[in-house]
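S.K.: Handing you a structure now.
Read-outs throughout are calculated quantities, based only on the coordinates presented, and are distinct from any laboratory measurement. What you see is a predicted model; the values in this text were computed from it and never measured. Reconstructed Cβ throughout: ideal geometry from the backbone, glycine too, with neighbour counts over all protein chains shown.
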Amino acid sequence: SNGVDRELRAPICCILGHVDAGKTKLLDCIRRSNVQGGEAGGITQQIGATYLPVENIRERTSLKAVATIKVPGLLVIDTPGHQSFSNMRLRGSSLCDIAVVVVDITRGLEKQTIESLDLLKHRNVGFIVALNKVDRLHGWKTCPNAPIAKALKNQSEDVQSEFKWRVTEVVTQLKENGFNAALYYENKKMKEVVNIVPTSAVSAEGIPDLLLLLVRWVPEIMMDRLTYVNNVECTVLEVNEDKDFGTTIDVVLINGALSKGDRIVVCTKQGPVTTNIRYLLTPYPMKELKAKGVYKHHEELKAAQGVKIAVRGLRHAIAGTALIVVKPGDDLERAEAAAVQEISNANSLINEDERGESDDGTAIQEISTIKTCKEGVYVQASSLGTLEAIIEHLKTLSLDIPVGGCNLGPVHKQDVMKATAMLKRKEEYAAILAFGVKVMPEAFDLAAESGVKIFMAHTVYKLVDSFTDHIKKLKE
Ligand code: GTP
Ligand code: MG
Ligand code: NA
């Protein structure tokens, strides 16, 4: 097919890689934003989505030939590189069309780079390697926003030779992980051999090259996949408690359209829940979906987009599952059956927990497939993804701290009540680990009265550290 009169949707591109490779900084460079500068400890702790309209991309590529871009934009998903956030890397890589694996040229492949490569291999997702931080090569002369070939020509022989051996090293490491790769401008088999694009997120060399590959080459090789169709394909990315909208679900609309008022079937731990879209929200173009900012209200939205949906009568959806739209005339029973299947798939992905089921079975059962046990700490977070990351981190510690209960949103008196149960069972676990949430004054009062300790911090690592320090002190 020549694809002349096809309508293409925006490709969905997931950014993966090891901690501090420069994933967020690359996006900041493209968006001209400073998300990275505002992150606690300089680490990403939440999956995000940003829509980049084609006009903005065109401006960054210094591309005159407008007609050659056939997609309306690009939807990029930023993921954290820290180990405990593998859930978010899995979700991002599961729903993207293409990935960009960011590698720090001065460090080569690292632990989470390899984890990301394995995810992509497993899911058969194509990717581009952004070989980032070229400006860190000793003696690099910056050429802001220049195409990489032009920037390289400007460098001394020493820089060029360091560049060459570092590229060779990364190519070798990729080969050891089962991938043939080459600098994209030397790559004669672009479909079979992984493209490497050298970049700098600070001085923007190589950014035009990366963007052009994403908006011109990617649509060319996956024209069918990117053809807009009316059937809704939509995946839950994250679940949040929002102070204005209550429970909201961040979704990635992969194909089709969503309308305000649409009847939807959402997958929850308790089974399919049928409800309506109350608000259909997006951030402004070039802004992060996860940022607590101003949202645009929409009547209808077409794929691909990162969308925040507010619904009534729903506690918590399971992240990673499909959101199913029931249009007038559609069979609701069939939609619900599809949701049941989704839920069972999600459950089978979770390893059986040898610790057994919680006897408290309230809040947590509604949240996700997270399992809790009788004796353990209480964890509370602003989003499902961070909640999972904290629980994951607790599991990997040598102390092996179990989780007795968890919840999303502000810490209320009821949460403290639940944590007090541990005072009699296992006093050291009579604690709440609160991340990114407010603690209500009555909750503070009750905690102080009863002896439940509340821990708070700006990063999940500091949060868990402060709790384990406390446990260690108790044991001394
Ligand atoms: P996580 O989200 O925590 O996994 O990290 P990340 O991959 O998003 O990296 P981030 O954008 O936080 O960048 C890490 C550090 O590297 C920051 O201090 C950035 O300023 C710096 N950095 C990122 N890209 C570049 C680059 O191209 N050149 C230079 N010199 N520094 C960079
Ligand atoms: Mg980041
Ligand atoms: Na970082």
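S.K.: Grab the eigenvalues of the alpha-carbon gyration tensor for region 129-249, scale each by 5, take roots, and send me the semi-axes largest first in whole angstrom.
M.R.: Semi-axis lengths for region 129-249 are 34, 21, 15 Å.
S.K.: Right, next: Which FRET efficiency value, to the nearest 0.05, is calculated for ASP242 and ASP469 with the Förster distance at 45 angstrom and r the Cβ-Cβ distance?
M.R.: 0.90
S.K.: What's the ranking of 383-389, 244-250 by average number of surrounding C-beta atoms within 10 Å, highest first?
M.R.: My ranking of the peptides, most packed first, is 383-389, 244-250.
S.K.: Continuing with this model, one more query. Taking the Cα centre as origin and putting +1 on Lys and Arg beta-carbons and -1 on Asp and Glu beta-carbons, what dipole magnitude results for the chain, to the nearest 20 debye?
M.R.: 1000 debye
S.K.: Local charge sum around LEU258 (other residues, Cβ-Cβ under 15 Å, Lys/Arg +1, Asp/Glu -1)?
M.R.: +2
S.K.: If you put +1 on each Lys and Arg Cβ and -1 on each Asp and Glu Cβ, how big is the dipole of region 103-261 around its Cα centre, in Debye rounded to 20?
M.R.: Its charge dipole is roughly 500 debye.
S.K.: With no other cysteine's Cβ closer than 4.7 Å, which Cys residues of the chain count as lacking a disulfide-compatible partner?
M.R.: When partners are defined as cysteine Cβ atoms under 4.7 Å apart, the chain leaves CYS13, CYS29, CYS143, CYS234, CYS267, CYS373, CYS406 without one.
S.K.: Then there is this: Could you give the distance between the Cα centres of region 426-473 and region 179-236, to the whole Å?
M.R.: Cα centres, region 426-473 to region 179-236: 44 Å.
S.K.: Sticking with this one: With a ≥ b ≥ c taken as the square roots of the eigenvalues of the C-alpha gyration tensor of region 1-133, please select rounded if a/c is under 1.5 and otherwise prolate if a/b is larger than b/c or oblate if it is not?
M.R.: Taking the square roots of the gyration eigenvalues as a ≥ b ≥ c, region 1-133 is prolate.
S.K.: A follow-up question, please. VAL54 label point, 7 Å along Cα→Cβ, cut-off 20 Å on backbone N: hits in region 287-307?
M.R.: In region 287-307, the label zone of VAL54 (backbone N under 20 Å from the point 7 Å along Cα→Cβ) covers 287, 301-306.
S.K.: Compute the normalised compactness of the chain: alpha-carbon radius of gyration over 2.2 N^0.38 Å, N being the residue count.
M.R.: Taking N as the residue count of the chain, the ratio is 1.02.
S.K.: Counting DSSP beta bridges with both partners in region 29-178, what percentage is antiparallel, nearest 5?
M.R.: Bridges in region 29-178 are about 45 percent antiparallel.
S.K.: Got a sec? Charge dipole of the chain, +1 on Cβ for Lys and Arg, -1 for Asp and Glu; which of ASN230, ASN34, PHE127 is way out at the positive end?
M.R.: ASN34
S.K.: So, one more: Can you compute the charge dipole magnitude of region 135-187 about its Cα centre, using +1 on each Lys and Arg Cβ and -1 on each Asp and Glu Cβ, nothing else charged? Give it in debye, rounded to the nearest 20.
M.R.: That gives region 135-187 a dipole magnitude of about 160 debye.
S.K.: Right, something else. Taking a quarter of the surface of the convex hull around the Cα atoms of region 1-46, what do you get in nm²?
M.R.: 5.1 nm²
S.K.: Kindly provide the helix-only [θ] at 222 nm of the chain, computed as the sum of -39,500 (n - 2.57) over DSSP H runs of four or more divided by all residues, to the nearest 500 deg cm²/dmol?
M.R.: Rounded to the nearest 500, the figure is -9500 deg cm²/dmol.
S.K.: In degrees from 0 to 90, rounded to the nearest 10, what is the angle of the helix 86-95 Cα long axis to the longest principal axis of the chain?
M.R.: With both axes taken from Cα atoms, the answer is about 50 degrees.
S.K.: Could you calculate the contour length gain from SER62 to SER344, that is, 0.36 nm times the residue separation minus the distance between their Cα atoms, to one decimal place in nm?
M.R.: Taking 0.36 nm per residue and subtracting the Cα distance, the gain is 96.7 nm.
S.K.: Under 12 Å from the Cβ of PRO144, count the other residues' Cβ atoms, weight Lys and Arg +1, Asp and Glu -1, and hand me the total.
M.R.: +1
S.K.: Report the extension gain between GLU449 and SER156 in nm, rounded to one decimal, defined as 0.36 nm multiplied by the number of residues separating them, less their alpha carbon distance.
M.R.: Gain on stretching GLU449 to SER156: 98.7 nm.
S.K.: Please give the residues of region 17-48, grouped as numeric ranges, whose backbone N is less than 15 Å from a label point set 7 Å along the Cα-to-Cβ vector of LYS111.
M.R.: Only 17-21 pass the distance filter.
S.K.: Could I ask something else about it? Over 21 Å apart: what share of the alpha carbon pairs of region 80-163 falls there, rounded to a whole percent?
M.R.: Cα-Cα pairs in region 80-163 separated by more than 21 Å: 41 percent.
S.K.: Here is a further query. Under 1.5 on a/c is rounded, so check that first for region 209-274, then, if it is not, pick prolate when a/b is larger than b/c and oblate when it is not; a ≥ b ≥ c are the square roots of the alpha carbon gyration tensor eigenvalues.
M.R.: Judged from the Cα gyration tensor, region 209-274 comes out prolate (a/c at least 1.5, a/b above b/c).
S.K.: Let me ask something additional. ASN240: net charge of surrounding residues, Cβ under 9 Å, Lys/Arg +1, Asp/Glu -1, itself excluded?
M.R.: With Lys, Arg at +1 and Asp, Glu at -1, the neighbours total -2.
S.K.: Tell me whether region 393-476 comes out rounded, prolate or oblate; compute the Cα gyration tensor, take square roots of the eigenvalues as a ≥ b ≥ c, and use a/c under 1.5 as the rounded threshold.
M.R.: oblate
S.K.: Going out from 0 in 5 Å bins, what whole percent of all Cα-Cα distances in region 199-309 drops into each bin?
M.R.: That works out to 2, 10, 17, 20, 17, 14, 10, 7, 3, 1, in percent per bin.
S.K.: When all alpha-carbon pairs of region 237-289 are counted, what percent fall beyond 13 Å?
M.R.: Percentage above 13 Å: 69.
S.K.: With just the Cα atoms of region 12-78, tell me how far they stretch along each of the three principal axes, in Å, largest first.
M.R.: 42, 19, 16
S.K.: Also: For q = 0.12, 0.16, 0.20 Å⁻¹, what log10 I(q)/I(0) does region 272-325 give under the Debye formula with an equal point scatterer on each alpha carbon and no solvent?
M.R.: Normalising to I(0) and taking log10 leaves -0.30, -0.54, -0.84.
S.K.: Angle, helix 413-425 long axis vs. longest principal axis of the chain, Cα atoms, 0 to 90°, nearest 10?
M.R.: 70 degrees
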